[in-house]
Amino acid sequence: MKHQPSVLIVEDEPAIAELIAVNLRHNGFAPTWAMDSASAQRELDAVLPDVVLLDWMLPGESGLSLARRWRADARTKGVPIIMLTARGDEADRVAGLDAGADDYIAKPFSAKEMLARIRAVLRRRAPEQVGGVVAVAGLSLDSSTYRVVFEGQMLKLGPTEFKLLQYLMSHAERVHSRASLLDKVWGDHVFIEERTVDVHVKRLREALGDAGAMVETVRGAGYRLTSRPAVPLGSPVPVRAHA
């Protein structure tokens with residue numbers, strides 16, 4: 001039986017909630033309704049939905065406050081949130097996105113638009129998060145302290161190079177295509193060209209200095225991080241624009 005994506009509707013107006021629920025049911029979704037923040041929290045505590053449609057204006061705690069709380073909680077931070085609101089100006093939209101919402105629909109909206117937005121956030125995958133300390137040969141990375149050390153020497157990496165290194169070290173010795181790295185490091189909802197990966201690999205090698213040789217180019221396939229580089233550690237690594 002095909003999985004029906006579950007949608008938690010957090011909306012205090014029963015007529016609007018029912019209209020949304022009917023459209024969702026007719027299009028293969030399994031809706032649940034919560035009319036305020038307290039009942040929404042109970043629903044989330046019981047079972048995590050695939051997506052939340054969250055009204056901005058709710059009795060008691062606002063939708064904005066709820067979004068912030070859920071994003072700060074390790075259990076709920078990955079649940080996609082679409083804000084529903086009559087507040088349509090840019091400042092409000094930015095506030096909703098800053099609170100952690102993945103998307104924003106201003107009322108009144110069509111069922112077609114709502115379904116398209118829901119399907120879009122369900123298609124997106126967040127970049128893979130790998131926690132803790134990972135070490136390969138003399139190179140170690142600690143995601144909690146944001147530190148990279150090679151043979152006792154602290155290295156300075158930019159945020160993207162840090163994420164790239166973290167992923168490569170967590171999956172060492174495996175070859176990763178540029179497309180795969182885009183999905184896993186940047187997230188597949190980010191639309192950037194594959195050659196951007198080459199630029200960041202080049203920067204990563206430069207930042208790693210003597211350990212740069214550990215990031216190898218596998219011709220025609222992609223990149224890998226290895227503890228046994230073909231070029232000895234400490235040797236200069238030939239760095240081209242396309243790595």
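The values are calculated or read from the model by the stated rules, or taken from the named source; none is laboratory data. The structure presented is a predicted model; accordingly, all values stated were derived computationally and were not measured. All Cβ positions, glycine included, derive from the backbone under ideal geometry; neighbour counts span all protein chains shown.
Brief remarks follow.
- Pair list, Cβ < 9 Å and 6+ apart or interchain, from segment 9-22 residues that are assigned to a helix (DSSP H, G or I) to residues that are of a type in the set (Lys, Arg): Ile16/Lys107
- Just one of (1) without any contact (Cβ under 8 Å) to a residue 60 or more places away in the chain; (2) crowded, with 18+ Cβ neighbours inside 10 Å; (3) within 23 Å of Glu113 (Cβ to Cβ) fails for Leu44. It is (3).
- Hits in segment 140-191 (condition: of a type in the set (D, E, K, R), under 16 Å from Tyr223 (Cβ atoms) and out of contact with any Gly (no Cβ under 9 Å at 6 or more places or on another chain)): Glu161, Lys163, Glu173, Arg174, Asp183, Lys184
- Test: Val51 is β-branched (Val, Ile, Thr), in contact with a Pro (Cβ under 9 Å, 6 or more places away or on another chain), surrounded by 14 or more Cβ atoms within 10 Å (Cβ to Cβ) and closer than 20 Å to Lys107 by Cβ: yes
- Condition met for Ala99 (over 30 Å from Tyr223 (Cβ atoms), at pLDDT below 90 and surrounded by 12 or more Cβ atoms within 10 Å (Cβ to Cβ)): yes
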